[in-house]
Structures are given as structure tokens and as C-alpha cells.
Amino acid sequence: MPDRPSNHGDGHRLSRRALMLGSMAALLPVDAAPGQEAGAAPLISAPRLVPARSLPVPGTVSPPLQAVIGAPYPTGWDAIPTSPEAWRALAAQSSAAVAPHLPAIRERLGVTVEPSRIAGVNVFIVTPNDLPTANRDRLLVHVHGGGYVLYPGEAGAGEAMLMAGYAGYKTVSVDYRMPPDHPFPAALDDAMAVWRDLSGRQDPRRMGIFGSSAGGGLTLAMVLRAKAEGLPLPGAIAPGTPWADLTGAGDTLQANAYVDNVLVSYAGWVGAAASLYAGGQRLTDPLLSPIFGDFQGFPPAILTSGTRDLFLSDTVRVHRKLRQAGVEASLQVFEGQSHAQFLTPFVPETEEAFREIARFFARHLG
């Protein structure tokens, strides 16, 4: 009896036999693909050509987040500084853009921000006006994002304000030195100096480390270095969309290119920042790209990303490597969000993200 055709809305007609054979082919191992000799090298597929398409703003997120997702690319995402002066100017512009919003964040979230110095490093101590009793002997250390080159000063402490306000934790935000004047390992040295000082003064099991993007990468690098130096480890960590691989590998660096409306593409300033920060060191050094490090013995971790995030692959790869190392690791991925958009103040999904992180810390910080 001849195959009965199956009609689809796009006008294509596929027989049941063709559908069945296609399904069976998908189950074949690579080295058993039709037409390939036994023992031959595995077939490597050609890059997939994706047709141009219009990408709508999803209706499956809150209205405030829809406005964030629908925003255009940031001005200058593809303008790569060509001199130290241009990099310094970009850093100054980033802080100037954030500064006008900080008073409202402090007021609406009910937090105080105090500049200070710990172990010779500039920090901002962020404290909730109403510090929960359960958190009074807990402390978080924050390392900010911005590609290792942006948000100097109080502008870098915005994420710490969100954590203090939404999650109710006292937080020390490290204002680490940055390129072009201070390439790797200056940022890590500063963060470790603060960690060494604070963990020597109180129980590290009741302390956590967190940060997003470059701050997520630094969070992981701090644990690797603490392990190597025999320093105490935190009770838990929260790397948000961690920049864990400065080599530019990972599926979503291609799949989400020009979908992410924050970083847009690794061909922009962010890819150039990787080389600037590395300062001539190998990008595969685990303290630069923690994905190449040993995650055995890491503290419990919660990772956060979004479906449109250019660094979603970095986040997923870190999560899988932690799980492979036997580490308790949670992964939360938010609908429609580009890179680190869970840090957008006063958006429902932002509060949800930090409440989730707060619960994770509460379970693991003594």
C-alpha cells in the first residue's frame, strides 16, 4: 500500500516513510551515518544558515521587562577604543550614565552606601536599613561587572544595592582596579585582598561571593585562587551570567549574536576588553577564564542568565562543569532577557531573581 502523504500548512508534503527514516537517522551515532565507512572520522556538519527574521518582544514577561527587551542596541556597542585614553573615557561615560539613578535605587530599596577601604582596596559597604535578624552575622562580598573596564566607583556597586535591598544582606562591593592602567591580575588581587581580610575576621562559612558578567568570572576566579592558596572558601557563591571563557567560545556567542541587545556581539567592545584585561597573558589561564579550572571542592553555586544572553553558554557550561565536579549548583534562566538584564532595577523579574539567590544563600550560609 503506498504511503499516505501528510499535508502541512507550509505546503510541503512529507511521506510517513520519510518522516520515519528522518527520525531513525537522528538516532544513529555519528560514526554510523549513512554513506560513511565504518571506522572513518566523524562527520562534521557545515554551519547552519539561518534565514533573516523579525524577532518580536515576548508577551510572556512582565510589561516593564518587555520595554527593556524591546530597547535598541546601546549606542557605541561596536565602537572599540583604540587608545588608553579612549578606554578611560569609556569607563568615565559608563559611570556618568549610572550615577543619576543611584539615589533612587538607594531610596526605593532602603539601603545605605558607605565608601571605605579594606586591605588598601576601595570598597562600598551596602547595608539594608532593615537588616533581618537571620542575616546579621552573614556577609556578602560583591565584585562588579562591566567587562573588567566599566563602572568604576559607586556605579559598580549597583548590583550590591539590589542584593542588599531585595535579599536583605549586608554587602561589601569591591571597587577593584581596572585596565588600561591595571590589567590582570590587578582586579583579582584587589578582590582577594578584601576576601583575605574579611574571611580572617569572621566565619567564612557565613560569607558568600557574588557578581555578574565580569563579576561572575571574578567570583569563580576568586574561588580557584583561594583553593590554590589554601584560603578559606565562602559558604556559597552566586555567579550571574559569568564571563567564564575569554576566548570567545560557546554556542550562544554565535546563536545569540545580535539577539542580545546589551552586548550585541563579541565583535564589539566586549571582545576587545578581553584582550585588554588579559594584558598579554594566555586567555586560557583559569584565573582569566575559569571554565578551564578545576571545580572540585567548590562551594554551592547559583547561576543566573537569560534566554537571549550572549553569555548563556558560559553560564550553562559553568553549571554543567560544577555538576560534573559533584558541586551543588542551581541554574535560573529568565525568559527573553539579554545579558545581565536581571539587574534592571524595579522590574518584577529582578526582584524574583534576587529573592531566589537570597533563599539559596540562606540555605548555605550557616
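The values are calculated or read from the model by the stated rules, or taken from the named source; none is laboratory data. These numbers come from a predicted model, not from an experiment. Reconstructed Cβ throughout: ideal geometry from the backbone, glycine too, with neighbour counts over all protein chains shown. Just the protein is used for accessible areas: all its heavy atoms, side chains included, with ligands, DNA and RNA removed. Shrake-Rupley method; radii C 1.70, N 1.55, O 1.52, S 1.80 Å.
In region 192-350, if every C-alpha pair distance is counted and binned at 10 Å from zero, what percent goes to each bin?
11, 41, 34, 13, 1
Under a no-solvent Debye model with one identical scatterer per Cα of region 275-315, what's log10 I(q)/I(0) at q = 0.21, 0.22, 0.28 Å⁻¹?
So the normalised log intensities are -0.88, -0.91, -0.99.
Per residue, what volume in Å³ does the convex hull of the Cα atoms of region 43-92 enclose?
200
Roughly what % of DSSP beta bridges within the chain run antiparallel, to the nearest 5?
That works out to approximately 40 percent antiparallel.
Of the candidates Asp314, Asp130, Asp203, which one comes out as most mobile in a Gaussian network treatment of the chain with C-alpha springs shorter than 10 Å?
Highest fluctuation of the listed residues: Asp130.
When the accessible area of the chain is computed with all protein chains present and a 1.4 Å probe, what percentage of it is carbon and sulfur?
About 55 percent, which is the carbon plus sulfur part of the accessible surface.
So which trypsin sites (Lys or Arg not before Pro) in region 220-293 pass both tests, a DSSP loop state and at most 14 other Cβ atoms within 10 Å of the Cβ?
Counting only loop positions with at most 14 other Cβ atoms within 10 Å, the trypsin sites (Lys or Arg not before Pro) in region 220-293 are Arg282.
Compute the FRET efficiency between Thr247 and Glu328 as 1/(1 + (r/R0)^6), taking r as their Cβ-Cβ distance and R0 = 25 Å, and round to the nearest 0.05.
Working from the Cβ atoms, E equals 0.35.
Which whole-number value in Å² is the accessible area per residue of the chain, probe 1.4 Å?
Here the residues of the chain average 47 Å² of exposed surface.
At 25 °C and 0.890 mPa s, what whole-number value in µm²/s does Stokes-Einstein give for the translational diffusion of the chain, with Rh from the Kirkwood sum over Cα pairs?
Answer, rounded: 112 µm²/s.
Over region 231-315, what relative contact order in percent results from Cα pairs under 8 Å that are six or more residues apart?
Value for region 231-315: 55 percent.
Which distance in nm do the two modelled labels at Arg355 and Ala97 give, with both placed 7 Å along the Cα-to-Cβ direction?
Between Arg355 and Ala97, the simple spin-label model gives 3.0 nm.
Over all directions, the average projected area of the alpha-carbon convex hull for region 262-366 comes to how many nm²?
Averaged projected hull area, Cα only: 7.8 nm².
Can you bin every Cα-Cα distance in region 120-202 into 10 Å intervals starting at zero and give me the percent of pairs per bin, rounded to whole numbers?
19, 48, 27, 6, 0
Quick one: 3J(HN,Hα) in Hz for region 53-64, Karplus 6.51/-1.76/1.60 with θ = phi - 60°, rounded, Gly and Pro as x.
8, 8, 9, x, 6, x, x, 9, 10, 5, x, x
What nm value, rounded to one decimal, do you get for the distance between Asp197 and Ala46 when each label is placed 7 Å out toward the C-beta?
Going from the Asp197 label point to the Ala46 one covers 5.9 nm.
Pick out which of Pro180, Pro81, Pro103 has the largest mean-square fluctuation in a Gaussian network model of the chain, springs linking Cα atoms closer than 10 Å.
Pro103
What's the magnitude of the charge dipole for the chain around its Cα centre, counting Lys and Arg as +1 and Asp and Glu as -1 at the beta-carbon? Answer in Debye, nearest 20.
For the chain, the charge dipole is close to 680 debye.
All other residues with a Cβ under 15 Å from the Cβ of Ala274 taken together, and with Lys, Arg as +1 and Asp, Glu as -1, what is their net charge?
After counting each charged neighbour, the total is -2.
FRET efficiency for Asp137 and Ala67, Cβ-Cβ distance as r, R0 = 30 Å, nearest 0.05?
0.15
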